[in-house]
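Peer 1: Below is a structure I'd like to ask you about.
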Amino acid sequence: MTAPRLEIDLDKIHHNARRLVELLGRRGISVTGVTKATLGSPEIAGAMLRGGVSSLGDSRLENIEAMRRARVPSRMALIRTPMLSQATRVVAHADVSFNTELAVIGALSSAAREAGQTHGIVLMVELGDLREGIMPGDLESTVRETLRLPNLELEGIGTNLACRSGVTPDARNMAELSALADSIDATFGTVLSVVSGGNSGNLQWALGGAETGRINDLRLGESILLGRDPLDREPIEGLYTDAILLVAEVIESKRKPSHPWGELAQTAFGEMPVTEDRGTITQVLLAVGRQDIDPCGLHSPEGIEILGASSDHLIVDCGEERIPVGAEITFELNYSALVRAMTSPFVAKVAKVQKNRIPA
């Protein structure tokens, strides 16, 4: 089988989705399965849907279009603020989009009117992480202008935390989002059907016993795909952390000094080398590099230590074990490594279902 490759266990993704849907369902919260890290894979989207997610969300319109072409049977949300230049395509392929700019919302209205259809709008609110979002004080005026536009349906509001700045979702900011939803309903006589509290970083808050208020949707990607909590990258109890694995092939295996010799300058990626002289080691080169993965996001098997990476090589220390050329080494990934590997054309994607095995 070709390498490098991602081995994708659809049963484990299905299990992770089902478990999170069940847990959050007890709290009155539905799950939007986020496919952006998978390049809109129809197979992975299908596993999420079989696990019970209520809809699919993606930040790239191209991924949504790919899933539409594959006839993935789901409601689709564009969860990144749409590009003004893509308004017509957004209306054509996404049922709802998450928005912050009135100029874009106006363009979506015009495109929807021309297409003779209605497009859903969720307004994103800034609650401290300083990525996308309307400032809370400007939300009422944005709602008023959105409600005036034809061929749009204001479905709800949402927020995003724990991404750019690492702001933790907690009782305070989630209560603020609920209060904003109540205020909009009271002011405009509407009933917002969606209050989207955030992403996988919200799980500790959502499952920790706090009052959920108006929050009735979370957008989950990393927790379904990798079984880990983004706040601390610790495994989530009851979920698989090895649903997606990276397999790379050994192209060189030699005993070498652990410390370089000669005058040192910057590496190919502009870093100053930091090395430790540990004597002679068994150094192995793997045919995968920074162009394909984030080496800092790989979890190596026991007894193997990642030493560094260049564009096309991953360098590891195998200790006393001699691993022959042509052998393969398997790594778990974090979200950063997964995103880069999934989007690399040089990494094969192999989805599989383990027949006759029921996920734990």
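The values are calculated or read from the model by the stated rules, or taken from the named source; none is laboratory data. In this text, all values refer to a predicted model and were calculated from it rather than measured experimentally. Note that we place each Cβ from the backbone using ideal geometry, even for glycine, and neighbour counts take in every protein chain shown.
Peer 1: Just checking, how many residues over segment 174-188 are of a type in the set (D, E, K, R) and either touching a Pro at 6+ places or on another chain (Cβ under 8 Å) or without any contact (Cβ under 8 Å) to a residue 12 or more places away in the chain (or both)?
Peer 2: Residues meeting the conditions: 2.
Peer 1: In segment 291-324, which residues are closer than 27 Å to Ala37 by Cα and part of a loop (DSSP other than H, G, I, E, B)?
Peer 2: Gln291, Asp292, Ile293, Asp294, Ser300, Pro301, Glu302, Ile304, Ser310, Ser311, Asp312, His313 - these are the residues of segment 291-324 that are closer than 27 Å to Ala37 by Cα and part of a loop (DSSP other than H, G, I, E, B).
Peer 1: Being farther than 21 Å from Thr146 by Cβ and surrounded by fewer than 20 Cβ atoms within 10 Å (Cβ to Cβ) narrows it down to one of Leu207, Leu226, so name that one.
Peer 2: Leu207
Peer 1: Go through (1) outside any loop (DSSP other than H, G, I, E, B); (2) in contact (Cβ under 8 Å) with a residue 40 or more places away in the chain; (3) touching a strand residue (DSSP E or B) at 6+ places or on another chain (Cβ under 7 Å) for Val21 and report which single condition fails.
Peer 2: Against the list (1) outside any loop (DSSP other than H, G, I, E, B); (2) in contact (Cβ under 8 Å) with a residue 40 or more places away in the chain; (3) touching a strand residue (DSSP E or B) at 6+ places or on another chain (Cβ under 7 Å), Val21 comes up short only on (2).
Peer 1: Given the criteria in contact with a Leu (Cβ under 9 Å, 6 or more places away or on another chain), at positive phi and either in a strand (DSSP E or B) or in the same structural domain as Thr38 (by TED's automatic domain parsing) (or both), does Gly198 qualify?
Peer 2: yes
Peer 1: Same structure again: Quick check: anything in segment 169-192 touching a His at 6+ places or on another chain (Cβ under 7 Å) and either in the same structural domain as Leu24 (by TED's automatic domain parsing) or surrounded by 15 or more Cβ atoms within 10 Å (Cβ to Cβ) (or both)? First the steps, then the outcome.
Peer 2: First, the residues of segment 169-192 that are touching a His at 6+ places or on another chain (Cβ under 7 Å): none.
The answer is no, given that none of the residues of segment 169-192 is touching a His at 6+ places or on another chain (Cβ under 7 Å) and either in the same structural domain as Leu24 (by TED's automatic domain parsing) or surrounded by 15 or more Cβ atoms within 10 Å (Cβ to Cβ) (or both).
Peer 1: Which residues, counting only those in segment 324-345, are within 14 Å of Glu249 (Cα to Cα) and either surrounded by 18 or more Cβ atoms within 10 Å (Cβ to Cβ) or outside the structural domain of Arg255 (by TED's automatic domain parsing) (or both)? Before the answer, list the steps.
Peer 2: Within segment 324-345, the first condition is being within 14 Å of Glu249 (Cα to Cα), and the residues that meet it are 324-331.
Passing the criteria: Ile329, Phe331.
Peer 1: Can I ask one more? What are the residues in segment 122-177 that are part of a strand (DSSP E or B) and either small (Gly, Ala, Ser) or under 24 Å from Asp232 (Cβ atoms) (or both), if any?
Peer 2: Gly156, Gly158, Thr159
Peer 1: For segment 258-268, does any single residue satisfy the condition of being in a loop (DSSP other than H, G, I, E, B), modelled with pLDDT of 95 or more and more than 22 Å from Ala327 (Cβ to Cβ)?
Peer 2: For segment 258-268, residues in a loop (DSSP other than H, G, I, E, B), modelled with pLDDT of 95 or more and more than 22 Å from Ala327 (Cβ to Cβ): absent.
Peer 1: Is segment 174-188 home to any residue that is in contact with a helix residue (DSSP H, G or I) (Cβ under 7 Å, 6 or more places away or on another chain), under 20 Å from Leu220 (Cα atoms) and not polar (S, T, N, Q)?
Peer 2: Taking every residue of segment 174-188 in turn, at least one turns out to be in contact with a helix residue (DSSP H, G or I) (Cβ under 7 Å, 6 or more places away or on another chain), under 20 Å from Leu220 (Cα atoms) and not polar (S, T, N, Q).
Peer 1: Being outside the structural domain of Ser55 (by TED's automatic domain parsing), at negative phi and touching a Lys or Arg at 6+ places or on another chain (Cβ under 7 Å) is the filter here; which residues of segment 201-238 pass it?
Peer 2: Across segment 201-238, the qualifying residues are Glu234, Pro235, Ile236.
Peer 1: Looking at Val143, Val195, Val122, which is the one that is crowded, with 20+ Cβ neighbours inside 10 Å and closer than 25 Å to Gly40 by Cβ?
Peer 2: Working: Val143 fails: closer than 25 Å to Gly40 by Cβ; Val195 fails: closer than 25 Å to Gly40 by Cβ.
Step by step, each of Val143, Val195, Val122 is checked, and only Val122 is crowded, with 20+ Cβ neighbours inside 10 Å and closer than 25 Å to Gly40 by Cβ.
Peer 1: Determine whether segment 5-14 contains at least one residue that is surrounded by fewer than 23 Cβ atoms within 10 Å (Cβ to Cβ), in contact with a Phe, Trp or Tyr (Cβ under 8 Å, 6 or more places away or on another chain), at pLDDT 95 or above and under 30 Å from Glu328 (Cβ atoms).
Peer 2: Within segment 5-14 (the criterion being surrounded by fewer than 23 Cβ atoms within 10 Å (Cβ to Cβ), in contact with a Phe, Trp or Tyr (Cβ under 8 Å, 6 or more places away or on another chain), at pLDDT 95 or above and under 30 Å from Glu328 (Cβ atoms)), the answer is yes, since at least one residue qualifies.
A quick yes/no check of all residues on (1) out of contact with any strand residue (DSSP E or B) (no Cβ under 9 Å at 6 or more places or on another chain); (2) within 25 Å of Asp11 (Cα to Cα); (3) not charged (D, E, K, R):
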| site | (1), (2), (3) |
| --- | --- |
| Gly213 | no, no, yes |
| Asn216 | no, no, yes |
| Asp229 | no, yes, no |
| Gly238 | yes, yes, yes |
| Gly262 | yes, no, yes |
| Thr282 | no, no, yes |
| Ala287 | no, no, yes |
| Leu298 | no, yes, yes |
| Glu305 | no, no, no |
